[in-house]
Amino acid sequence: MKNILTALGKALCYALLLVAGQFAGTFAAAVCYAAYASIGDYNAHGVLPDFEPLLQATADFTMRYATVIAAAGGLCVVLALWAFFSIRGKRLSVETGWRPNSARQNMRAGLCGACFAFAVCAALQLLPIPEAMLASYAEAASETLGAFHPAILLCTVLLGPIAEEVVFRGLVFTRLRRAMPLWAAAMLSALLFGVMHGNPLWIAYATCLGCVLAFVYEKSGGLWASIIFHILFNFFGSYAMIPLGDSPVMGITLLILGLFGGGAMLWRMDAEAKTPAADR
């Protein structure tokens, strides 16, 4: 029991550290923008701007660049963790399993991420989700992703997934896995991963995604496979969503193909993990 409680405490601390880093990044960005806007208005008009318009402009700025700010905060947390482990005479790459996977494992992980991205997109358009919840999700996604901007694309499909995988699979899941079975460690780490996404629909499918990512990490034996899965999932889920319109047949077909394809990749990864290295 002591080992389980210790693992839970460490996992929660790592998850909260990432959230705290993102909040700190948002606060710092808001302060810098407000100061910049105030100085600009003062130089132009000789007076400071009114508080309420300034507050609204600052809120709009942080929402418009939320993805970039969150990714920057996540990278700062990764650097802080690197320094923390270095001071303790350890290496972050070793502690998180940041080692190369085979090209075959990475390819399967990437295909799996793409398949599940299309399956989630189809499910969101097919399931009888309440209009208010769906509208809230669409608004949050629009505000977070914004326009197809290179900086936002970079943060959404590369920097964000790297930071999240280092923390949630490399540290949270591995600490839980040392003290409990795979299914329990996967579910608990996935729950923490889901909760940090905020919006109810994001929480729902991010929790499911977290379980899959934990399985990918476990079976591949390294962090690169889960990072590639996450990158491809974010790219296809964010920028390659297929509008189904009024065609439920197409939606059901896409859902089945996505789940079947993703499941097949997971099955192959599991089978390969059970095969002795000399027979691969």
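What follows is calculated from the coordinates using simple rules that are stated; it is not laboratory data. Treat the numbers as computed from the prediction; the structure is a model and nothing was measured. Note that each Cβ is placed from the backbone with ideal geometry, even for glycine, and that neighbours are counted across all protein chains shown.
Just a few scattered comments:
- Note: segment 164-220, Cα convex hull, 60 Å³ per residue.
- Computed E for ASN3/ALA138 - FRET, C-beta separation, R0 35 angstrom, nearest 0.05: 0.20
- For the chain, the relative contact order comes to 29 percent (Cα pairs under 8 Å, sequence separation of at least 6).
- Between HIS45 and MET250, the simple label model (points 7 Å from Cα in the Cβ direction) yields a spacing of 4.9 nm.
- Across the options PHE23, GLY261, VAL172, the greatest Cα extent toward the positive end of the charge dipole of segment 2-279 (unit charges at beta carbon of Lys, Arg, Asp, Glu) belongs to VAL172.
- If you wrap the Cα atoms of segment 45-171 in a convex hull and average its projected area over all directions, you get 12.8 nm².
- Loop chymotrypsin sites (Phe, Trp or Tyr not before Pro), segment 71-180 (other Cβ atoms within 10 Å of the site Cβ: 14 or fewer; DSSP): PHE148
- LYS219, LYS10 arranged by Cβ crowding within 10 Å, fewest neighbours leading: LYS10, LYS219
- Those trypsin sites (Lys or Arg not before Pro) in segment 34-142 that DSSP places in a loop and that have at most 16 other beta carbons within 10 Å: ARG88, LYS90, ARG91
- Residues ARG169, ARG268, ranked from the fewest to the most other C-beta atoms within 10 Å, line up as ARG268, ARG169.
- Here the residues ILE231, ILE203, ranked from fewest to most Cβ neighbours within 10 Å of their Cβ, fall in the order ILE203, ILE231.
- Listed cross-link partners LYS10/LYS274; LYS90/LYS274; LYS90/LYS219 are compared with a 26 Å cut-off, the Cα-Cα value being larger for LYS10/LYS274; LYS90/LYS274.
- Computed extension length for VAL31-SER93: 19.0 nm, one decimal, from 0.36 nm per residue of separation with the Cα-Cα distance subtracted.
- Summed residue charge, Cβ within 10 Å of GLU95's Cβ, Lys/Arg positive, Asp/Glu negative: +4
- Computed over the chain, the convex hull of the alpha-carbon atoms projects to a mean area of 18.6 nm².
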